[in-house]
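Structure first, commentary second.
The values are calculated or read from the model by the stated rules, or taken from the named source; none is laboratory data. For clarity, every value in this text was computed on a predicted model and none was experimentally measured. Don't worry about glycine lacking a Cβ; one is built from the backbone with ideal geometry, like all the others, and counts go over all protein chains shown.
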Amino acid sequence: MEIEERSTAARIRDAAIECFATEGIGGTTARRVAAIAGVSPGSVINHFGSMEGLREACDRYLLSVTRDRKERAMTAGPNLDVLASLRDGTHPHLMAYLAEVLSDGSPSVAELVDGMVSDAEGYLAQGVESGMLQPSDDPHGRAVIMVIWNLGLLSMHHHLFRLLDVDLTDPAFASTPAIGNYIRPIMEIYGNGVFTAEFMSSTREAMTALAEHGVTPDSPEEGNAQEGTP
């Protein structure tokens, strides 16, 4: 009986993710979710208490799946098959669900993003240990920036599709011929970087001076900051 109850809850959750992704947060009702899951509307509330409780369960599931995927990828190290990992079609509506959630603006989005950053710190550390990633002077900051950058790509997926012909919310996007339009610049930015070594060196010096003294190398000395100070 317990196994059946879990199975029903999972069907409702997956149906909700599909419904949120395709019909929007505001357009999703218990009745619509129940129809997709093949259960009664009352069963939705019985399992999750409310639509907000169902939404929270979907967020937790998203975090769990994302964490598992990233940890497996980072553990694989330099030999990771990138395309195979992208083609994992086990959860076809999750990216579309996340794109919809990001545009919702509810307080739960902050909790979701915080969870993703926390998880990212963990799997990025695994990537360093496996030899896939360079170590970072600021692991938390790197995790924050990478999560926000990737969420930004997803929230603007319509423009990404318009400009590069890649739809991140399409479950089959990794199997389309245009996938290279997405992978190549990602690998170039993450793998080779953008700035020259000379610029990076001068910027690090400036950041070190700012952290230690509150000034950059080109800033006036504290005693000469005011005009007319001898």
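Miscellaneous remarks
- Restricting attention to the stretch 165-180, the residues being assigned to a helix (DSSP H, G or I) and surrounded by 15 or more Cβ atoms within 10 Å (Cβ to Cβ) number 3.
- Residue match in the stretch 39-59 (condition: closer than 30 Å to A174 by Cβ and free of Cβ contacts under 8 Å to residues at least 24 places away in the same chain): no
- Annotation note: Cβ proximity below 8 Å between a residue of the stretch 64-81 that is farther than 15 Å from E121 by Cβ and a residue that is exposed (fewer than 15 other Cβ atoms within 10 Å of the Cβ) and modelled with pLDDT of 75 or more (sequence gap 6+ or interchain) occurs for G77/G131; P78/G131.
- Residues (in contact with an Asp or Glu (Cβ under 9 Å, 6 or more places away or on another chain) and either of a type in the set (S, T, N, Q) or under 20 Å from F20 (Cα atoms) (or both)) located in the stretch 116-143: Q126
So that you can scan it fast, the table gives a plain yes or no per residue for (1) more than 30 Å from T208 (Cβ to Cβ); (2) outside any helix (DSSP H, G or I); (3) without any contact (Cβ under 8 Å) to a residue 60 or more places away in the chain; (4) hydroxyl-bearing (S, T, Y):
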residue	(1), (2), (3), (4)
L112	yes, no, yes, no
A120	no, no, yes, no
Q126	no, no, yes, no
E129	no, no, yes, no
M132	no, yes, yes, no
G141	no, no, yes, no
W149	no, no, yes, no
G152	no, no, yes, no
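- Criterion (at pLDDT below 85 and either assigned to a helix (DSSP H, G or I) or out of contact with any Gly (no Cβ under 9 Å at 6 or more places or on another chain) (or both)) met by exactly one of A73, A34, A57: A73
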